[in-house]
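Visitor: Quick one: the structure is below, and I'll ask about it shortly.
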Amino acid sequence: IEFILSYHYNKVEEIRFSSSLGKFVGFTQLGVKNAQRFNKDPSYVTALKTQKETYCFPNVNINYQKI
C-alpha cells in the first residue's frame, strides 16, 4: 500500500509525495524547487508518512472484502 499526494497545474503534474519514497519529487522546474522546500520540513514529511497508517490501512479491508 502506498500513499501518494500529487499537485497538478494545467493538467501537468508538478510535484508528488510518495510514502514508499518518503519524500517529495518535482517534475517541473517549479516542482523541483517546491519539492526541495517541502523536504526540508521534517514535520510535514512525517505527517504525510503517517497518512498511510491513518488513512490507507483502515480502508484496505473496506475496499478489498471477499465477496
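The values are calculated or read from the model by the stated rules, or taken from the named source; none is laboratory data. Bear in mind that the values here come from a model prediction, so they are computed numbers and not experimental data. FYI the Cβ positions are ideal-geometry reconstructions off the backbone, even for glycines, and counts take in every protein chain you see. Each accessible area value is taken on the protein alone, full model and side chains, heavy atoms only, with ligands, DNA and RNA left out. Shrake-Rupley method; radii C 1.70, N 1.55, O 1.52, S 1.80 Å.
Visitor: Mind checking which pairs have a first residue in segment 49-60 that is under 14 Å from residue 4 (Cα atoms) and at pLDDT 85 or above and a second that is among the aromatic types (Phe, Trp, Tyr) and open to solvent by less than 90 Å² (accessible area, probe 1.4 Å), Cβ under 6 Å, 6 or more apart or different chains?
Guide: 51/3
Visitor: Considering (1) touching a helix residue (DSSP H, G or I) at 6+ places or on another chain (Cβ under 7 Å); (2) part of a loop (DSSP other than H, G, I, E, B), say which one residue 5 fails and leave the rest.
Guide: (2)
Visitor: What tally of residues in segment 15-52 results from selecting those that are aromatic (Phe, Trp, Tyr) and within 9 Å of the chain's Cα centre (by Cα)?
Guide: Looking only at that region, the number is 2.
Visitor: Within segment 1-14, which residues are under 8 Å from the mean Cα position of the chain (by Cα) and not polar (S, T, N, Q)?
Guide: Result: 3, 4, 5.
Visitor: How many residues are of a type outside the set (A, V, I, L, M), open to solvent by less than 30 Å² (accessible area, probe 1.4 Å) and farther than 30 Å from residue 61 by Cα if we restrict to segment 1-45?
Guide: Qualifying residue count, segment 1-45: 2.
Visitor: Take residue 2 and decide whether it is in contact with a strand residue (DSSP E or B) (Cβ under 8 Å, 6 or more places away or on another chain) and in contact (Cβ under 8 Å) with a residue 40 or more places away in the chain.
Guide: yes
Visitor: Just wondering, is there one or more residues in segment 52-61 that are among the aromatic types (Phe, Trp, Tyr), loosely packed, with under 15 Cβ neighbours inside 10 Å and not in a helix (DSSP H, G or I)?
Guide: No, every residue in segment 52-61 fails to be among the aromatic types (Phe, Trp, Tyr), loosely packed, with under 15 Cβ neighbours inside 10 Å and not in a helix (DSSP H, G or I).
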